[in-house]
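Bear in mind these aren't lab numbers, they're just calculated from the coordinates by the rules spelled out. Model, not experiment: these values are computed from the prediction. We place every Cβ from the backbone using ideal geometry, glycine too, and count neighbours over all the protein chains shown.
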Amino acid sequence: MGKKKKLKLGDTVLASFLGTTSLYSVIEVLDKITYKLKCVHSGTILPTVRWKKDMDKKSVWFIESYVGSTEAGKLTEDKITRKHTTDKTELKEAIEKQKKFTKGNIER
């Protein structure tokens, strides 16, 4: 279990939070030495976590060691895509109504 300086998304590390060591996964890389971690077991999120030698004196959490790497899962479906969307004809009618409204032709 060696120390790895530059972590990537999905890397697993041992981190200490208030004296308790647990397994965490990297969910965001904030800068070269700062990471956002999520606990594998409880789901607790630790913001601005650094290696033990780089940590702030006031910090209550730090990374102790590098455990391993897992590939971050990719989304199979686009976030914007929804199953029940409006029909194209309804969409065209709504666009036409909006154009008339912006030009000042309000129908009631």
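Taking amide H atoms as placed 1.01 Å from N in the peptide plane, the amide H of F62 lies under 5 Å from those of S16, each 5 or more residues away in sequence or on another chain. Excluding same-chain neighbours fewer than eight residues apart, the lysines reachable from K8 by a Cα-Cα span under 21 Å are K32, K36, K38, K52, K53, K74. The residues packed around E28, meaning those with a beta-carbon under 15 Å from its beta-carbon, carry a net charge of +4 if Lys and Arg are +1 and Asp and Glu are -1.
Take Y66, Y24 and order them by how many other Cβ atoms sit within 10 Å, fewest up front. Can you show the working numbers first?
Working: Y66 17, Y24 28.
Ranking Y66, Y24 by Cβ neighbours within 10 Å, fewest first, gives Y66, Y24.
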